[in-house]
Amino acid sequence: MQTQIEIHTEPLNIQSCIDWVMSPDSGGIDVFIGTVRNATKGKRVLKLEFEAYKKMAINEINKISEQVFKQWPVQKVLVHHRTGTLHVGEIPVIIAVSAAHRDAAFEACRYIIDTLKQTVPIWKKEFFEDGEIWVAAHP
Amino acid sequence: MQTQIEIHTEPLNIQSCIDWVMSPDSGGIDVFIGTVRNATKGKRVLKLEFEAYKKMAINEINKISEQVFKQWPVQKVLVHHRTGTLHVGEIPVIIAVSAAHRDAAFEACRYIIDTLKQTVPIWKKEFFEDGEIWVAAHP
Amino acid sequence: MEINILAFGIAKDIFGASTVSVELPAGSSTAHLKASLEDKYPKLKQLASYMVAVNNEYAEDCLTITERDEVAIIPPVSGG
Amino acid sequence: MEINILAFGIAKDIFGASTVSVELPAGSSTAHLKASLEDKYPKLKQLASYMVAVNNEYAEDCLTITERDEVAIIPPVSGG
């Protein structure tokens, strides 16, 4: 039952995230990697900016992780989120979960990214050729 | 719609698998990494040996990938499987799927590993302190 | 009492600053704070929704705020 | 006709070799092949199940086998 949570502006390192969740008693790891898409609803995206309310974001991710350990027999949970300016193809988020059996790893990983997008105070601004927008701000 | 399938005895490279599935029009990647557990049903595992009917295995994985592209809007599918002797913590399989949206990536990745375990002619032998066994061979 | 408020995302644009302060009667609740802010910054009402966080936790409308609390406006989140 | 058969996993242990050959009448099917093998190697019947692959495809019992086909015995798979 170990959790590693990081929020920072440095590029995320996939290999070190996976190395951290691996353990001799795990049989499977599920990893979700978010990547910056070149378009949103057909509009070309130039770059994204992510902003976090860092202390509270870590707090909320911790709650998600605690819920995961209650709900699934998983071994390690890792969530790394990048902030600052990201270009197309770069990685804003890595979530990795190890478990003895793959079902728990898949379900927990899915739960974490779904819940993170709903509750964790991080905001994304999309930059287009003709303007910029805070995602989800308006109805 | 691209697929990369490999079966070989060399250690699998996580980073290069993920690099291959990434693309500017993908927003999410789901990766499943199988790892050799130190125990099966409480019995200590020393090592595993994987054997493949290589030509047919690639054929069957190709069928799975074709089914995935029919069923989900995914962009790239990668399946690497290692054969030969593997020790605890080593990686027998990496499956990676990129998609514009994460739902498809998660569901397709899960479908691939579940189906691979049912249909692809690859066999695993577990070595214990007191003997060895071909997994699933007997009722 | 004077409450200092942290603003993030579009709230920062609406306030024109990453922190603003409002003057509230002692014993005011989150609901009072929201009403006061919406009065001063009507664009807040155009958001899909927004929450108040007090000491790094989402706060109910009835929560009483003090000057020692860390208060933040949380517009709709969009991480991941 | 003589059919050469590839064996994998536990089938290799049962046959004591990674290839064996059986003599079958021309026009024999997968079912005939299985019956002949089970006669020669009764331990095959103790497996949870096994399939025959012909030319890298799982074969139905009624499929006719020829000497030019690549035939393999597929015990329960356990990859991944």
Return yes when B:A57 is among the aliphatic types (A, V, I, L, M), surrounded by 23 or more Cβ atoms within 10 Å (Cβ to Cβ) and closer than 21 Å to D:I74 by Cβ and no when it is not. yes
Can you find a residue in the range B:12-34 that is closer than 28 Å to D:S18 by Cβ and surrounded by fewer than 21 Cβ atoms within 10 Å (Cβ to Cβ)? yes
Which residue is farthest from A:H81 (Cα to Cα), if the candidates are limited to the range A:1-58 and must be within 7 Å of another protein chain (Cβ to nearest Cβ) and among the basic types (K, R)? A:R37
Being surrounded by fewer than 20 Cβ atoms within 10 Å (Cβ to Cβ) and under 17 Å from C:G80 (Cβ atoms) narrows it down to one residue among A:E49, A:E66; which is it? A:E49
Here are the criteria: (1) more than 14 Å from every other protein chain (Cβ to nearest Cβ); (2) under 18 Å from B:K125 (Cα atoms). Tell me which single one D:L47 does not satisfy. (1)
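Quick note: the coordinates plus some simple rules give every number you see, no bench work behind them. Keep in mind that this is a model prediction, so the values were computed, not measured. A quick note on method: Cβ atoms are made from the backbone with ideal geometry, for glycine too, and the neighbour counts reach across all protein chains shown.
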